[in-house]
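Student: Dumping the structure here so I can ask a few things about it.
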Amino acid sequence: MEEILTRWLGTTASLRTEIVAAIGLVLSLGVSVHVLLRKRVVGAAIGWIGLAWLAPVFGSLLYVTFGINRVERRARRLKRRPSQQIDDTPQPSAHVPDAYRALDRAVQSITGLPTVAGNAFTMYRNGDEAYPAMLAAIAGARRSVALSSYIFRDDATGRGFCEALRAAQERGAEVRVILDGIGSGYFFPAAWRHLRRIGVPAGLFMHSALPWRMPFLNLRSHKKLLIVDGRTAFTGGVNISDGNRVAERPAFPIRDTHFRIEGPVVEHLTQAFIADWLFVDGEELDGEAWLPPLAPAGDVTARVVTSGPDADIEKIATVILQAITCARSSIRLATPYFLPNDLVVNALCLAATRGIEVDVVIPCKSDHRFVDWATRAHIDPLLRNGVRIWTDDPPFDHSKAMVVDGQWCFVGSANWDSRSFRLNFELNVEVYDIRLARALETFISAKRQRRLTQADLDARSFPVRLRDAAVRLLLPYL
């Protein structure tokens, strides 16, 4: 009897092993086929396939959770029909300087949008300047308020915005709010609960506490948008939190830059919000409350560029590449995180080697130390090819701005890293305006506190260089 039981147990164990091996083989094959058909980046494809074969169950689970872009399918299903107020035929771009006609044509091809003349831009520094202007605009809202923020804290600043939104709704304005499901706090963000409690329609972008309903943990709406009555818009890098009130000396101050925009290009911003709200809530916003006729408000030519892992994939990065290629004399940029992909690195190197002045300003210390470590391991080719990289002293500056040849500007929510270029949903504004370009160049120049040199990189100890290089391997997700 004992011998029979032993044989039975041995047979059962062998059968279980064979079943597990078969399941692992099926999972590995399934992941491999999906990766081969879906992944565009060769390095990522090789990594996922290797992980699936080395650890079939664990690797396949990671791929299903982090590697599959379900957003593209959902975004197509929820494609909104164009507003009845908008002509679907291609519209000619506004006049741009002759030197930028090729860039204008390229960006129109990338975005499907024309440049629009007749706009006005005002730049604000930090929440100290931006928040009063934003709250005043909400206080004057009569028909609609659309707000989207990556971070929306339930602190004094956040509660002030909640109260302003509630008051606007009580005056009869339609109010819609989008909070990112990760940036504002993953498990039922306090600000979202606050808004829902006071009756303000608010949605969480890409959020589910249930793993099997989680579209993609890495994908986030990084946009910062406020649009009032479809006529006045604010966008840039400023989130909603006490930390952005630098003058009040918060424990962790965050400097930043934001912009007020008026004129016809506001419709581009509104359309971006409408598409996001449809994705989040399923409600289609339309009519003059959201899309009124817009008269010229200034003499600035502009266009919105959105980017995300759906139909807009890598559009902001592609526009940046086009702008670098078209540069004739100078490229100035400031970004809180600088981990661009090899295409952008090579484009900057080529620009510098053909005599273009390329200046990049990054924080001396960002709010994520591992990003600083990876950056030090990433910039060697740039320094060797003549790109000048500068560091900005604390407090941390979250601003993002690019100026080409003192005339063309690119501002908005996107950082210079793979997360913003490929994974996040971002919104930038392309601006043709010498005055704004001069203001941004002055701003960027003032941040050039210390030049980072090859000697600084070489002076790192071996353990530090090893650490930095290891962290750099996470570049696609930092």
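The values are calculated or read from the model by the stated rules, or taken from the named source; none is laboratory data. Computed from a predicted structure; not experimentally measured. When we count neighbours, we look across all protein chains shown, and the Cβ atoms used for this are built from the backbone with ideal geometry, even at glycine. Quick note on the areas: whole protein, heavy atoms, side chains included, nothing else; ligands and nucleic acids left out. Shrake-Rupley method; radii C 1.70, N 1.55, O 1.52, S 1.80 Å.
Student: Order of 345-357, 395-407 by packing, highest average Cβ count within 10 Å first?
Tutor: Values: 345-357: 17.2, 395-407: 22.7.
Ranked by mean Cβ neighbours within 10 Å, highest first: 395-407, 345-357.
Student: Per Stokes-Einstein, at 25 °C and 0.890 mPa s, what whole-number D in µm² s⁻¹ belongs to the chain, with the Kirkwood radius over Cα pairs as the hydrodynamic radius? Write down the numbers at each step before the final one.
Tutor: Numbers: Rh = 24.0 Å.
Estimated via Stokes-Einstein, D reaches 102 µm²/s.
Student: Rounded to two decimals, what is Rg over Rh for region 379-478 when you use alpha-carbon atoms and the Kirkwood radius? Could you put the intermediate results ahead of the total?
Tutor: Numbers: Rg = 15.9 Å, Rh = 15.8 Å.
Expressed as Rg/Rh, it is 1.01.
Student: Report the net charge of residues surrounding T122, where surrounding means a beta-carbon distance below 10 angstrom and charges are Lys +1, Arg +1, Asp -1, Glu -1. Don't skip to the answer; put the middle values down first.
Tutor: Details: positive: R260; negative: E129, E262.
It works out to a net charge of -1.
Student: Take the solvent-accessible surface of the protein heavy atoms, probe 1.4 Å, and return the percent of it on region 111-188 that carbon and sulfur atoms account for.
Tutor: Values: 1580 of 2800 Å².
Looking at region 111-188 in its full context, I get 56 percent from C and S.
Student: Let me ask something else about it. Identify, among S32, A99, W192, the residue whose Cα sits farthest towards the positive end of the charge dipole of the chain, taking +1 on the Cβ of Lys and Arg and -1 on the Cβ of Asp and Glu, with the dipole about the Cα centre.
Tutor: Farthest towards the positive end: S32.
Student: If you don't mind, another one. With a Förster radius of 22 Å, plug the Cβ-Cβ distance of T442 and R384 into 1/(1 + (r/R0)^6) and report the FRET value to the nearest 0.05.
Tutor: Working: r = 29 Å, r/R0 = 1.31.
Once the sixth-power term is evaluated, E becomes 0.15.
Student: For helix 315-326, what angle does its Cα long axis make with the longest principal axis of the chain, in degrees from 0 to 90 and rounded to 10?
Tutor: Tilt of helix 315-326: around 60 degrees.
Student: Can you give the local net charge around W408? Use residues other than it whose beta-carbon is closer than 10 angstrom to its beta-carbon, Lys and Arg +1, Asp and Glu -1.
Tutor: Details: positive: none; negative: D104, D405, E430, D433.
Result for the local shell: -4.
Student: With every protein chain present, what is the per residue accessible area of region 356-478 (1.4 Å probe, Å²)?
Tutor: Values: 4810 Å² over 123 residues.
Accessible area per residue, region 356-478: 39 Å².
Student: If you roll a 1.4 angstrom probe over the protein chains with everything in place, what fraction of the accessible area of region 216-302 belongs to carbon and sulfur, to the nearest %? Spell out each step's value before the answer.
Tutor: Numbers: 1370 of 2860 Å².
Heavy-atom surface of region 216-302 belonging to carbon and sulfur, 1.4 Å probe: 48 percent.
Student: On a 0 to 90° scale, report how tilted helix 369-378 is relative to the longest principal axis of the chain, with both axes built from alpha carbons and the result rounded to the nearest 10.
Tutor: For 369-378 against the chain, the angle is about 90 degrees.
Student: Among L339, P56, G140, whose Cα projects farthest towards the positive end of the dipole of the chain, with charges put on the beta-carbon of Lys, Arg (+1) and Asp, Glu (-1)?
Tutor: With unit charges placed on the Cβ atoms, the residue in question is P56.
Student: Using a 1.4 Å probe on the protein chains only, how many percent of the accessible area of region 394-468 belongs to carbon and sulfur? Write out the running numbers ahead of the final one.
Tutor: On the way: 1540 of 2740 Å².
Reported share for carbon and sulfur atoms: 56 percent.
Student: Right, here's the next one. Mind giving me the FRET efficiency for R171 and D456? R0 is 45 Å, r the Cβ-Cβ distance, nearest 0.05 is fine. Don't skip to the answer; put the middle values down first.
Tutor: On the way: r = 56 Å, r/R0 = 1.24.
So the FRET efficiency works out to roughly 0.20.
Student: Run the helix sum for the chain: -39,500 (n - 2.57) per DSSP H stretch of 4+ residues, divided by residue count, reported at 222 nm to the nearest 500 deg cm²/dmol. Each step should come with its number before you reach the end.
Tutor: Details: 16 runs with 196 residues, N = 478.
The helix contribution divided over the chain gives -13000 deg cm²/dmol.
Student: Right, next: I'd like the distance between the alpha-carbon centres of region 227-242 and region 312-381, rounded to an integer number of Å.
Tutor: Result: 26 Å between the Cα centres.
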